[in-house]
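Peer 1: Dropping the structure in here first, questions after.
Quick note: the coordinates plus some simple rules give every number you see, no bench work behind them. This structure is a prediction, so every number in the text was calculated from the model and none was measured. With ideal geometry, Cβ positions are generated from the backbone for all residues, glycine too; neighbour counts draw on all protein chains shown.
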Amino acid sequence: MEGYGQFCPVAQAAEVLTERWTPLVIRELALTGSKRFNDIQRGVPLMSSSLLTKRLRQLEQAGLLERRAANTVWDLTITKADLDYPAVVIITPASVREAAARTAQGQPAGR
C-alpha cells in the first residue's frame, strides 16, 4: 500500500482504513468477533480470498492486527485509547446502535 507521505495522524489512518473492503474487515473483527480467516470471509462474502489476505496483511503491517496461534487467528491490536479519535467516536456509537437494532430484528449486524 503506497501512502501519500502525510504526517497528520488522521491522514495516516485514512490511508489504511479507507482502502476498499477494509472497513468491513475491521467490522468483522471488532463487532462480530470473527478471528479466523474463514469466519472473516463469511462476513464479507463478496470479497475474494486473495483480497482478504492482502487486506489482513496490510492491517498487520499497519499495526492494527496481529496473527496468533500458528498464524490462524487474527486479533485486533486497537486499544480503547486508539478508539478515542473524534472520527471513530462519532461513527462507532451510531454503528453499534444500528448493529444492535438489526440483531434485535433477527437481521445480520452490519450487512
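Peer 1: Work out how much length R42 to E19 would gain on full extension: take 0.36 nm times their residue separation and subtract the Cα-Cα distance, in nm to one decimal.
Peer 2: Contour length minus Cα-Cα distance gives 6.3 nm.
Peer 1: Could you work out, for region 9-78, what percent of all Cα-Cα pairs fall into each 5 Å distance bin, beginning at 0 Å and stopping at the bin that holds the largest distance?
Peer 2: All Cα pairs, binned at 5 Å, distribute as 3, 17, 32, 29, 13, 5, 1 percent.
Peer 1: Moving on. Residues with amide H under 5 Å of V73's amide H, sequence separation 5 or more or different chain, H placed in the peptide plane at 1.01 Å from N; which?
Peer 2: Those lying under 5 Å, H to H, from V73 are R68.
Peer 1: Could you derive backbone 3J(HN,Hα) for region 61-68 from the dihedral phi with the Karplus parameters 6.51, -1.76 and 1.60 (θ = phi - 60°), listing whole Hz in sequence and x where the residue is Gly or Pro?
Peer 2: Going residue by residue, I get 4, 6, x, 8, 10, 9, 8, 9 Hz, with x marking Gly and Pro.
Peer 1: Would you please give the residues with an amide H less than 5 Å from that of L65, counting only those at least 5 places away or on a separate chain, with H modeled from the backbone geometry?
Peer 2: E60, T77
Peer 1: Could I ask something else about it? Treating only the Cβ atoms of Lys and Arg (+1) and Asp and Glu (-1) as charged, compute the dipole magnitude of region 9-78 about its Cα centre; round to the nearest 20 debye.
Peer 2: 200
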